[in-house]
């Protein structure tokens, strides 16, 4: 962290900052340029420290230079994290596909979809039993009944299950049924929930908040890792921008950026990332071309009858067609699809 | 809700939509223009319905026309909601000021600040015992000890207390100490928490999420009201934009907009709204000039020693000076400050 | 500018950067911390330099620390710039109001409006003869005929004129008729136009681009000042965000921020800032409460017949009512309205 | 366009709108639902009409339903536009690569780069002679001398040239040297420039403005087409969001979206889209996987000596490596690279 002083700052202002830094256990390294005096802060700094220092008289600006995330950083762990779920490895050389309905609606819907996505080559079944809903008047999921339906589909098809947990009190329940716990975009900074899933040893998929910076996202992952759970994967699912044609703007550049900054696997979700079914396939291919370790895709037997997110769900046919194209693109970037047995 | 068909849509595509609407209990009202055929959907529609209809063949666009919030809307309740907290009325003709430290750090810090803000004319004491923190390595609040300190300050000064609750499991605890429960920006779509505070009969202050639209914000308030708790006030605290000079961009226009759309009181938080102490006073005055029912302002005995948000905290002197200016501006828009006795 | 090296950078990488800096006429000031090596760049740096240095092996990040604007900065000129237009002074202790129709449509429309806004207390007449239009099929203004109509209105009422110039080739023409040249939001980075208005000695109002940072905006002003024209005022007119209820999000905090960073006068435009006539008055009051030197407001005899921007235009009655409220708010922050005599 | 009336609107308010519509040559189609009365506006509507109607008493909301762009729309012209430049066809089945330095700096730099990108398989040479620069103190390009250097490189290598034109007065000059005229992001709504390039019959590449919606972008293209120039291609180069790690956020979804909405070719620019050289290759592959008709990539002999945009420029080696990968990805989506012979 670097404290940039005003051009006309006084010596006693500089001294006050150096004293305060020492008091807090940091070393201050003074450097007087022709234009500006600058104080380098040595020690494990954190974002709030910048805010504290900004307020001192004579300070023009405080510039953080070291990244505040640690356990999640590539510097801390240079080799890729891989996460084994059943027989599938996430974060390895192969691309993993998770697919299924947005919300669990009925056993038939889920089992049919599970078979369809398995046949098309998907490796993991997704489906929401606890659903966040913008409006209190809408469908909020089947709850534990939904989890049971997912288990049935798993028993029949052998596909492991990823499903969302919405609140700390439900972690234990959902963990009994799921193979991967999903923390949704709206909960990316639900710190109590992050602590709680961090205490489990389950694989966690942490979705990016819709207005979260890369740094905030990695700091949220850091919550989970710092509780001792290292089995974390990240999921880019679109950010909020001014554009209204798409539901979100999928930040494809986040995929190679996360790979550079962190050792955690990165999954792309083109369904939420675009909100339009006809954009899902092109963005799925784009995500894999950009280096994604996997995809998360919404598939529904009858998108026009879906209780949630029909507009962004693929039919069985469209999904199967995408999987075919995907094989080619994945191979062309040296990342074969995991063979689905 | 209006379904706009493609120019070249076929009759059977139109029929399929009308059939599906009927199946779901809506009436479809067909209108063929020279350029386009349009289907009006009659009934209590909701955002997800648009997504479902979008997916039908022949549909070009689905346009929601009726607002999905209900209990929070001005149409539903034309008269202003007022909320009585101790001897103070929020949402009436007078402007209410809530002030205090970002985080509770020590009894002396809180009690000193409480006296200082009371003397300057504030009506309610703010202070965080449970603090959300972007990084897991930082100060997360004193918890129940912090709540006890707030109670001490209340006992000494008579100021009612507003404090944040972070997670559903803490609602009962925090409600034992607080006069107003605050739901923070990061939790605006923590629906379990909204349900839980909705089950109390406490006054709730719901902060706007950093990338929440006005509509999403009102729908989150709707969660609380639909649980039977009508004592809700909203708080504009800045939204996330591309600008980096300020921590957030305070959307002052949200203040008169909420007044138009809803009967709930609206509070401005220029401390989080700007993130810079030297912008707090101008934006506080702006918020009141634009019609805010109250303000929420961070004040600290020594901002340069604050454990949280020092950069946006006012000193006692700056706060007192702001209160003087505020009296003039409030009076000029016909909204006197509540006299602090 | 500070170059932050990677933890594991090599000495020869550091040497390469120091050599390159010297080659370009900068001094490099090396500082080795426990965690990181940092190189301070001494000399008049600029944004592109950061991009150039970022590419060197071993570099982790380049952090600009000195602000790239100069002539526009408060450091360069501590006292406020004031601009005299006719008998009115912009940037002094009084608040100046510019009002009139969005577009010049007819002589009667302009003259009637000019009288109405003058009677209500406005000081300067606005009106567009050359209009930017998102669609090529819409009204693009009356051109020189529109300028002549503005002159007629000026002759009758005595109000000076502000009007927009769209392209370098028109600067001379528009300057013959106008008292203040307006550079619109879409042209904030039309650098040829900035150069051209910089060569005149006319007062210039530079609107903020709809996605311009404060820094980019001041750098665009710097273009004009660096051509020798110091008579520049800035105008906050709303930025583009994710919110769709309002046309733009008026960044009220830009007003005190510009006052802190620059000596140039700052005007608020709540008409474009909100896009809704019923939000214009509250945001006008907010802008003045936050310290604006003036306002720019759209007024139309019949907003429901306006060729442009009817939705954000005030009627004569609404404008007169706003001016009355404004007097109170301006007085309460020690900034009386310029008397319109 | 649909006018949604308030629940409690009066008959005379409805009549006033119908009368005004008729006066303007539109037909109004009334439809009374149980909840709301709605007026459909029949005729060629435009965005400003919505603003005009919004202001009528009794109106709750005005919803545009038909897209305001016409000549650029897929509905107007179902088949793809292809643009022939020298022996290369843009918008056909093959992917076209344009590469070269951000700015023309010297003959050697350009000629060396031209040979390098040609050898690696690029089809068109890019290079800026007139450069927009955020700061007035920086390099603004070599002007006509730069154009001459480009011509030399073209003469030697046979590569056609794309270069930017900044202002209407330069169109004729630049058109004498260039094969494709580029209109930059900052000029996307420089309507005078759009008119001017529309009057030529040169191929035009229109970059998306950094905060332009898809609709605004297509309307800007519409300016050019409506002047009679149909040889227009679009270029996605990243939009401005809250994320600061990348220079812009490349909106990859814009690529398939443009393909759906318009018949014009769409090019991806991952250099500006990300601002970081190490993200250029992954995003280039992503763009092609998502269906781009071509790429625009910055290449420099010594990025660490580049006068502009060194941080986002590829070295010759990195570019050649990207071209190899690109062949695979393009083939896998059925879009071979144009052979560079």
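The values are calculated or read from the model by the stated rules, or taken from the named source; none is laboratory data. Because the structure is a prediction, the values reported are computed rather than measured. Because the Cβ atoms are built from the backbone with ideal geometry, glycine has one as well, and the counts that use them run over all protein chains shown.
Quick look at the numbers
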| read-out | value |
| --- | --- |
| Criterion (within 25 Å of the chain's Cα centre (by Cα) and under 30 Å from residue D:247 (Cα atoms)) met by exactly one of C:89, C:45, C:81 | C:45 |
| One residue from A:212, A:221 being surrounded by 24 or more Cβ atoms within 10 Å (Cβ to Cβ), modelled with pLDDT of 95 or more and over 24 Å from residue B:216 (Cβ atoms) | A:221 |
| Looking only at the stretch A:98-114, and only at residues there that are assigned to a helix (DSSP H, G or I) and touching a helix residue (DSSP H, G or I) at 6+ places or on another chain (Cβ under 6 Å), the one that is surrounded by the fewest Cβ atoms within 10 Å (Cβ to Cβ) | A:107 |
| Lone qualifier among B:121, B:141, B:127 - being in the same structural domain as residue B:179 (by TED's automatic domain parsing), touching a helix residue (DSSP H, G or I) at 6+ places or on another chain (Cβ under 8 Å) and crowded, with 22+ Cβ neighbours inside 10 Å | B:127 |
| Identity of the residue in the stretch C:117-154, in contact (Cβ under 8 Å) with a residue 60 or more places away in the chain and touching a strand residue (DSSP E or B) at 6+ places or on another chain (Cβ under 7 Å), that ends up farthest from residue D:222 (Cα to Cα) | C:121 |
| Count - residues of the stretch B:1-17 that are at pLDDT below 85 and loosely packed, with under 15 Cβ neighbours inside 10 Å | 2 |
| Lone unmet requirement of (1) farther than 30 Å from residue C:288 by Cα; (2) more than 8 Å from every other protein chain (Cβ to nearest Cβ); (3) modelled with pLDDT under 90 for residue C:106 | (3) |
| Strands (runs of 3 or more DSSP E) completely within the stretch B:223-325 that count 2 or more residues being away from chain C (no Cβ under 14 Å) | B:232-236, B:294-298 |
| Some residue of the stretch C:170-178 being in the same structural domain as residue C:91 (by TED's automatic domain parsing) and touching a residue at least 60 places away in the same chain (Cβ under 8 Å) | no |
| Failed condition for residue A:314, given (1) surrounded by fewer than 24 Cβ atoms within 10 Å (Cβ to Cβ); (2) touching a strand residue (DSSP E or B) at 6+ places or on another chain (Cβ under 9 Å) | (1) |
| Which listed residue, of D:205, D:188, is touching a strand residue (DSSP E or B) at 6+ places or on another chain (Cβ under 6 Å) and touching a residue at least 12 places away in the same chain (Cβ under 8 Å) | D:205 |
| Residue match in the stretch B:79-97 (condition: under 25 Å from residue A:51 (Cβ atoms) and modelled with pLDDT of 95 or more) | yes |
| Hits in the stretch C:186-211 (condition: more than 9 Å from every other protein chain (Cβ to nearest Cβ) and closer than 25 Å to residue C:297 by Cβ) | C:197, C:202, C:203, C:204, C:205, C:206, C:207, C:208 |
| Number of positions in the stretch D:32-89 that are away from every other protein chain (no Cβ under 11 Å), out of contact with any helix residue (DSSP H, G or I) (no Cβ under 8 Å at 6 or more places or on another chain), more than 22 Å from residue C:136 (Cα to Cα) and touching a residue at least 40 places away in the same chain (Cβ under 8 Å) | 8 |
| Condition met for residue C:274 (surrounded by fewer than 21 Cβ atoms within 10 Å (Cβ to Cβ) and either within 24 Å of residue C:86 (Cα to Cα) or touching a helix residue (DSSP H, G or I) at 6+ places or on another chain (Cβ under 8 Å) (or both)) | no |
| Complete set of residues in the stretch D:18-31 that are over 38 Å from the mean Cα position of the chain (by Cα) and either away from chain C (no Cβ under 14 Å) or surrounded by 15 or more Cβ atoms within 10 Å (Cβ to Cβ) (or both) | D:18, D:30, D:31 |
| Members of the stretch A:160-184 found to be assigned to a helix (DSSP H, G or I) and either more than 9 Å from chain B (Cβ to nearest Cβ) or at pLDDT below 95 (or both), listed by number | A:171, A:172, A:173, A:174, A:175, A:176, A:177 |
